[in-house]
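Trainee: Structure provided below as structure tokens; questions to follow.
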Amino acid sequence: MNKKNQRGAENEEPLGTGKADEEVKDSAAETENDSANESAKESASAKSEAAAEGVKTDEAAESVADADELDIVALAQSKMEEYKDTLQRVQAEFDNYRKRNAEAVKQARAEGVNETILQMLPVLDTVEIAIGMIADEATKAGVELIRKKFAEVFAHYGVEEIEAQGAEFDPALHNAVMQVEDAENAGKVVEVLRKGYRRNGKVIRYAMVKVAN
């Protein structure tokens, strides 16, 4: 064999070599495709799991939010009942205070009127004594007008004289300072030494009397 033919033979590829290479390449391509498919599947699976986890997380968050909302509503209702109860107690206490205060004011006013009348009674006593001592009828009539004015003012404030002369002795109305022997009138008031008065049924000055035994 000449040199030319020898070089040609060297440059020629062995039979079947090109086909083997193509098979290798196809196999590699298929492997790459399989790997890509597997990766895609794994990626899709991961995304699906992540989406499912996200849904679960959202549901859990919504559940927590609902529970928190229920707790807030329950707390608000509890506070509302507490404030309502406090308001009712305060209102009741204020009503009681108002009533007590009104009663205290009424009582203080009554005591003030009673004290004023007590200070005026000695003046009336003096006027009545003067009437009994005045001989001049004109003068006596003038002083009598003063006594009547006292009586009108006292009547306006509910003051009335305690009946004592000839009445049965009553320790709730009379103050016995003297006693006399009188079997016929035993237990009765035989003389009034100082008139007594009561206002609205309450004694403001006891009648000072002499009682028979």
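Trainee: Fully extended, how many nm does the chain gain between ASP170 and ASP125 (0.36 nm per residue separation, minus their Cα-Cα distance)?
Mentor: On the way: separation 45, 0.36 × 45 = 16.20 nm, distance 2.21 nm.
Additional length available on full extension: 14.0 nm.
Trainee: Ok, one more. Take every DSSP beta bridge with both residues inside segment 79-213 and express the antiparallel ones as a percent of the total, to the nearest 5.
Mentor: Numbers: 11 of 17 bridges.
Percentage antiparallel, nearest 5: 65.
Trainee: Where does each of 197-208, 114-125, 89-100 land if you order them by average Cβ count within 10 Å, highest first? Please report the intermediate quantities before stating the final value.
Mentor: On the way: 197-208: 16.1, 114-125: 13.8, 89-100: 10.0.
Put in order of decreasing packing, that is 197-208, 114-125, 89-100.
Trainee: Compute the convex hull volume of the Cα atoms of segment 161-213, divide it by the residue count, and report the result per residue in Å³ as a whole number. Walk me through the intermediate numbers first.
Mentor: Numbers: hull volume 3.0 nm³, N = 53.
Spread over its residues, the Cα hull of segment 161-213 gives 56 Å³ apiece.
Trainee: Report, by chain and number, residues whose modeled amide H sits under 5 Å from the one on ALA167, excluding near sequence neighbours (fewer than 5 apart, same chain).
Mentor: Correct list: VAL189.
Trainee: With the Cα gyration tensor of segment 92-213 giving a ≥ b ≥ c as the square roots of its eigenvalues, does the rule (a/c under 1.5 for rounded; else a/b larger than b/c for prolate; else oblate) give rounded, prolate or oblate? Display every interim value, and only then the final one.
Mentor: Values: a/c = 3.70, a/b = 1.43, b/c = 2.59.
It comes out oblate by the Cα gyration axes.
Trainee: Still on this structure, I have one more. Along the Cα-to-Cβ line of GLU115, 7 Å from the Cα, sits a label point; which residues in segment 75-107 have backbone N less than 17 Å from it?
Mentor: Of the residues in segment 75-107, 104-107 have backbone N under 17 Å from the label point off GLU115.
Trainee: Given 0.36 nm per residue, what is the gain on full extension from GLU191 to TYR97 after removing their alpha carbon distance, in nm? List each step's numbers first, then the result.
Mentor: On the way: separation 94, 0.36 × 94 = 33.84 nm, distance 4.84 nm.
Here the segment from GLU191 to TYR97 would lengthen by 29.0 nm.
Trainee: Follow-up question, since we're still on this one. Hey, can you grab everything whose amide H is under 5 Å from the amide H of ILE204? Only 5+ residues off in sequence or another chain; H modelled, so Pro and N-termini drop out.
Mentor: The list, which skips near neighbours in sequence, is TYR197, ARG198, ARG199.
Trainee: Expressed in nm to one decimal, what extension gain is obtained for the pair MET133 and ALA108 from 0.36 nm per residue of sequence separation less their Cα-Cα distance? Write down the numbers at each step before the final one.
Mentor: Working: separation 25, 0.36 × 25 = 9.00 nm, distance 3.86 nm.
Separation in residues times 0.36 nm, less the Cα-Cα distance, equals 5.1 nm.
FYI, it's all coordinate maths here, none of it is from the lab. Fair warning: this is a prediction, and the values are worked out from it, not measured in the lab. All Cβ positions, glycine included, derive from the backbone under ideal geometry; neighbour counts span all protein chains shown.
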